[in-house]
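Engineer: Here it is, the structure, as structure tokens.
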2 protein chains.
Amino acid sequence: MSKPAPSVRELIREHYSALTQSERKFANSLLENYPAAGLASITIVAANADVSTPTVARMVQKLGFKGYPQFHQALLKELEAQVSGPTKRRENWAAEAPEGHLLNRFAQAVTDNLGQTFSNLDYEQFDLAVQQLANTEGRLFVVGGRITRALADYAFTHFQAIRQRVTHMTSSSATWPHYVLDMEAGDTLLMFDVRRYETNLQRLAELAAERGVKIILITDQWASPITSVAQHTFNCWVEIPSAWDSNISTMMLLEAMIAATQEEGWDETRERYERLDELFDMTRLFRKFS
Amino acid sequence: MSKPAPSVRELIREHYSALTQSERKFANSLLENYPAAGLASITIVAANADVSTPTVARMVQKLGFKGYPQFHQALLKELEAQVSGPTKRRENWAAEAPEGHLLNRFAQAVTDNLGQTFSNLDYEQFDLAVQQLANTEGRLFVVGGRITRALADYAFTHFQAIRQRVTHMTSSSATWPHYVLDMEAGDTLLMFDVRRYETNLQRLAELAAERGVKIILITDQWASPITSVAQHTFNCWVEIPSAWDSNISTMMLLEAMIAATQEEGWDETRERYERLDELFDMTRLFRKFS
DNA sequence: CACTCCATGAAAACATTTTTCCAAACTTGG
DNA sequence: CCAAGTTTGGAAAAATGTTTTCATGGAGTG
């Protein structure tokens, strides 16, 4: 062979945009359980993905196979090569990137960080913090530092969809005193502070704490000094082989909190989501006619 | 099941003495290339082992299967279980949270997404995209949608530290035409577009593409329509049990790109980092601490 | 040497899978 | 709101796979 014969995975990726909805349904089902989900008969495989047999048949032809048997055979060859190949049992992840490629090193570091973060997470504190975030009696303020501003922004966008009375404190610290002036006991302040810790944020935290605001702090494994005035502190592991720190575990914790908060007050939230959707649809309509 | 269902390997070992010569021939062929050599049709499998189909049929019955299809299915189940093995490593995580706690469900979904994203990543395209991002001959524009704005912001913050001539196009699409006016062939546009895909972004992409700008698109598994005009497209798996989509895998891909870009031009970057550090120290806005 | 036993595969009978065709359901653009 | 174009799955037709039957021939035995 002159060409190294692309894997079925690659073929799917390559043709994904040309696939129809049902075909993608099958493609996803296959990728989720690869390659086992493609090694049974077309009937079974189709039933597992909850699509019809013709759909699968059409799709494998789009991928360039003459028919399902050829597709089946290609998967089998891959499996064979994988098992008997020089690399005995490669990790499922990043299987295609060469050994030592940055992607592999990066993936390793990230998985470690996520694992560390999770196993150091106190789920009771998590639940308490979520209750606090879901409590709409007080207002919710969100703020981040130089790097974590983006996370604060992300948090704001989502919390705004979930609940009312959310404020994103811009990272320009000059305006913070105005916000503090508004804060009352019972309000919540969600803060992000990773190294290098910012004195501004600490001052802000102290002022807010004095006013009886409950502070939820998301920081790194070395813990920002804000810990001392925060109600709930969560540490995220952030080290990667790089000059800067990774915020993936931070992001994960944040998303988990958003998901939990949403679940906490689902009835209220659902209504907000539906209204929001309608509004977006309306703006789309405007655009259509312009 | 009360019985742990013995593997086909075990069954062969157990019944080996009862097998005839030709049957052993097939058994050995299977064990040599396990389980792939047993996952094709009985005809092919028999031909590969250089025995007749009835031999194989008789043998699988001796092993206790009703027929070849049942044998095939058993092998498939084993394969499936084997593959989902490594994912189970997550069980070490969040061991303290109760079964079914949101944290556990969330962790599962996130790990799946990261795994999917990684294994569908084309590392050659990744390397090419990184080269493009590290190329300071042209300018680098960054833009995101309603939700991904935060990611674009994060990207901007980091790329600004790494290289010169980086622009964050604010999410207010009214100002985009001004940016497009400035774009030239050789410039790079890093776009984030996850569902629901935004028509504004698509228009922007089309305009930029017309001007010869290279577009790097980070999207979800269903692929934004921008794909068609983008130089490099990367798909991130984003589904979580929730009303919204997770952007952790998106963030991971982004960070990986940042890390790789930084490595690409490290000499230049290091100097920038040092100068940046000095500047922060001078403003005393940030307290130095490791 | 003749007889029996039984492993073996060719081929027929049977079962299932795969493909093709078509009509219904859905989308999209005017 | 309609019409043209897609997408989708049901069902029949074609192809393939699986099982059974049975004839052959080799190994062991009296």
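Engineer: Scan the stretch B:214-248 for residues that are more than 9 Å from chain A (Cβ to nearest Cβ) and part of a helix (DSSP H, G or I) and report the count.
Structural biologist: The total comes to 2.
Engineer: Residue pairs, Cβ under 7 Å, 6 or more apart or interchain, first in the stretch A:34-61 and within 21 Å of B:Leu79 (Cα to Cα) and more than 9 Å from chain B (Cβ to nearest Cβ), second within 9 Å of DNA strand D (Cβ to nearest atom) and part of a loop (DSSP other than H, G, I, E, B). List them.
Structural biologist: Every condition considered, the pairs that remain are A:Ala46/A:Ser52.
Engineer: Could you tell me whether the stretch B:263-274 includes any residue that is buried (at least 24 other Cβ atoms within 10 Å of the Cβ) and at pLDDT 80 or above? Steps first, please.
Structural biologist: Taking the stretch B:263-274 first, the residues buried (at least 24 other Cβ atoms within 10 Å of the Cβ) are none.
The answer is no, given that none of the residues of the stretch B:263-274 is buried (at least 24 other Cβ atoms within 10 Å of the Cβ) and at pLDDT 80 or above.
Engineer: If you take the residues in the stretch A:4-38 that are within 28 Å of B:Tyr68 (Cβ to Cβ) and either hydroxyl-bearing (Ser, Thr, Tyr) or within 12 Å of DNA strand D (Cβ to nearest atom) (or both), which one is modelled with the highest pLDDT?
Structural biologist: That would be A:Phe26.
Engineer: Condition test on A:Val51, is it of a type in the set (Val, Ile, Thr) and near DNA strand D (Cβ under 10 Å from one of its atoms)?
Structural biologist: Values: of a type in the set (Val, Ile, Thr): yes; near DNA strand D (Cβ under 10 Å from one of its atoms): yes.
So A:Val51 fits the description; yes.
Engineer: So, one more: Just to be sure, is A:Thr175 out of contact with any strand residue (DSSP E or B) (no Cβ under 9 Å at 6 or more places or on another chain), more than 22 Å from A:Glu137 (Cβ to Cβ) and hydroxyl-bearing (Ser, Thr, Tyr)?
Structural biologist: Yes.
Engineer: Taking the stated definitions as given, is B:Phe192 modelled with pLDDT of 90 or more, assigned to a strand (DSSP E or B) and within 28 Å of A:Phe156 (Cβ to Cβ)? Break it down into steps so the answer makes sense when it comes.
Structural biologist: Numbers: modelled with pLDDT of 90 or more: yes; assigned to a strand (DSSP E or B): yes; within 28 Å of A:Phe156 (Cβ to Cβ): yes.
Taking the combined requirement at face value, the residue satisfies it.
Engineer: Let me ask you something else. Here's a check for you: in the stretch A:158-184, which residue that is without any contact (Cβ under 8 Å) to a residue 40 or more places away in the chain, under 29 Å from A:Glu271 (Cβ atoms) and in contact with a Lys or Arg (Cβ under 7 Å, 6 or more places away or on another chain) is farthest from the other protein chains (Cβ to nearest Cβ)?
Structural biologist: A:Arg165
Engineer: Taking B:Arg203 as the residue in question, decide whether it is basic (Lys, Arg), surrounded by fewer than 21 Cβ atoms within 10 Å (Cβ to Cβ) and in a helix (DSSP H, G or I).
Structural biologist: Values: basic (Lys, Arg): yes; surrounded by fewer than 21 Cβ atoms within 10 Å (Cβ to Cβ): yes; in a helix (DSSP H, G or I): yes.
Yes; evaluated as a whole, the condition is true for this residue.
Engineer: Assuming B:Asp220 fulfils every condition listed in (1) farther than 21 Å from A:Thr157 by Cβ; (2) buried (at least 21 other Cβ atoms within 10 Å of the Cβ) apart from one, which condition is it?
Structural biologist: Status for B:Asp220: all satisfied but (1).
Engineer: Say we look at the stretch A:12-33 and pick out the residues that are acidic (Asp, Glu) and more than 22 Å from B:Ala36 (Cα to Cα); which of these is nearest to the other protein chains (Cβ to nearest Cβ)?
Structural biologist: Step one: of the stretch A:12-33, the residues acidic (Asp, Glu) are A:14, A:23, A:32.
Restricting the remaining residues to those that are more than 22 Å from B:Ala36 (Cα to Cα) gives A:14, A:23.
Values: A:Glu14: 9, A:Glu23: 12 Å.
Filtering the stretch A:12-33 for residues that are acidic (Asp, Glu) and more than 22 Å from B:Ala36 (Cα to Cα), the one nearest to the other protein chains (Cβ to nearest Cβ) comes out as A:Glu14.
The values are calculated or read from the model by the stated rules, or taken from the named source; none is laboratory data. Owing to the predicted nature of the structure, the values given are computational and were not obtained by experimental measurement. Counting neighbours? That spans all protein chains shown, and the Cβs are built from the backbone with ideal geometry, glycine included.
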